[in-house]
Amino acid sequence: MEKALFGAGCFWGVEDFFRQVPGVADAVSGYAGGASQRPTYRQVCNGDTNHAEVVEVTFDPAKVAYADLVDYFFKMHNPTTRNRQGPDVGTQYRSVIFTHGPEQARVARERLAAAEASGRYKSPIVTQLEAAPTFWPAEEHHQRYFQKHGGSCHVSFADLQNH
Ligand code: MHO
């Protein structure tokens with residue numbers, strides 16, 4: 001199993017999306033990229049810590065390639081709005097790929113360039129690529145949030161298949 005770490009806005013929707021991708025064993029909502037240890041949702045929401053809402057994806061590389069996950073990442077959110085995803089505004093909603101090692105970094109750079117070249121977006125991609133820092137899992141009530149409560153905030157995996 002390998003891990004991928006993505007920030008693409010509100011983690012409820014990012015987690016829900018990646019759980020549905022074949023080859024993904026687990027997706028956990030959490031925080032990364034800020035200054036403090038063991039941040040809470042409230043601290044991250046206030047924007048004081050500079051953590052991003054992120055999702056740690058555990059996947060079987062024999063079933064789904066990291067490059068495919070990165071392609072899904074670009075398609076399931078808007079990578080052209082800086083520190084904003086739809087109605088959610090703030091640095092915690094930034095578009096970011098935290099990479100584990102040079103090979104993931106190379107693939108992420110390459111797929112970002114391909115997304116940019118696709119002509120899919122009207123504005124330049126602002127997604128940040130950074131080496132993965134510590135991942136802090138979010139509080140239990142933020143895990144599987146949409147399974148527990150219903151709702152959505154990103155394109156669904158099913159809808160993406162029909163495009
Ligand atoms: N607009 C969303 C953001 C939640 S997300 C976990 C809400 O507060 O309902 O940041």
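The values are calculated or read from the model by the stated rules, or taken from the named source; none is laboratory data. Computed from a prediction, not measured in an experiment: that's the story for all the values here. Quick reminder, even Gly has a Cβ in these numbers, built from the backbone with ideal geometry, and neighbours come from all protein chains shown. The protein model used for the area step is the full one, side chains on, heavy atoms only, and it has no ligands, DNA or RNA in it. Shrake-Rupley method; radii C 1.70, N 1.55, O 1.52, S 1.80 Å.
Below is a table of values for the structure above.
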{"item": "TYR66 vs. criteria hydroxyl-bearing (Ser, Thr, Tyr), more than 16 Å from the ligand (Cβ to nearest atom) and open to solvent by less than 40 Å² (accessible area, probe 1.4 Å)", "result": "yes"}
{"item": "Hits in segment 122-163 - residues which are under 15 Å from the mean Cα position of the chain (by Cα) and without any contact (Cβ under 8 Å) to a residue 60 or more places away in the chain", "result": "ILE125, VAL126, THR127, GLN128, LEU129, ALA131"}
{"item": "Hey, SER95 touching a helix residue (DSSP H, G or I) at 6+ places or on another chain (Cβ under 6 Å), under 26 Å from GLN161 (Cα atoms), open to solvent by less than 10 Å² (accessible area, probe 1.4 Å) and polar (S, T, N, Q) or not", "result": "no"}
{"item": "Tabulated pairs, segment 31-42, first over 17 Å from GLU56 (Cα atoms), second within 12 Å of the ligand (Cβ to nearest atom), C-beta under 6 angstrom, 6+ apart or interchain", "result": "none"}
{"item": "Looking only at segment 1-22, and only at residues there that are open to solvent by less than 20 Å² (accessible area, probe 1.4 Å) and outside any helix (DSSP H, G or I), the one that is nearest to the ligand (Cβ to nearest atom)", "result": "CYS10"}
{"item": "Residue within segment 75-97 that is aromatic (Phe, Trp, Tyr), within 28 Å of ALA35 (Cα to Cα) and in contact with a Gly (Cβ under 7 Å, 6 or more places away or on another chain) present", "result": "yes"}
{"item": "Where ARG111 falls short, out of the listed (1) more than 23 Å from ALA158 (Cα to Cα); (2) charged (D, E, K, R); (3) part of a helix (DSSP H, G or I)", "result": "(1)"}
{"item": "Output for segment 23-54, where each listed residue is open to solvent by 10 Å² or more (accessible area, probe 1.4 Å), within 14 Å of the ligand (Cβ to nearest atom) and part of a strand (DSSP E or B)", "result": "VAL28"}
{"item": "Candidate set from segment 130-160 (those that are away from the ligand (no atom under 11 Å from the Cβ) and hydrophobic (A, V, I, L, M, F, W, C)); member that is most open to solvent (accessible area, probe 1.4 Å)", "result": "ALA131"}
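Per-residue answers, yes or no, for (1) more than 17 Å from GLN104 (Cα to Cα); (2) modelled with pLDDT of 95 or more; (3) out of contact with any Cys (no Cβ under 7 Å at 6 or more places or on another chain); (4) not hydrophobic (A, V, I, L, M, F, W, C):
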| residue | (1), (2), (3), (4) |
| --- | --- |
| TYR31 | yes, yes, yes, yes |
| GLN37 | yes, yes, yes, yes |
| TYR41 | yes, yes, yes, yes |
| VAL64 | no, yes, yes, no |
| ASP71 | no, yes, yes, yes |
| ASN83 | yes, yes, yes, yes |
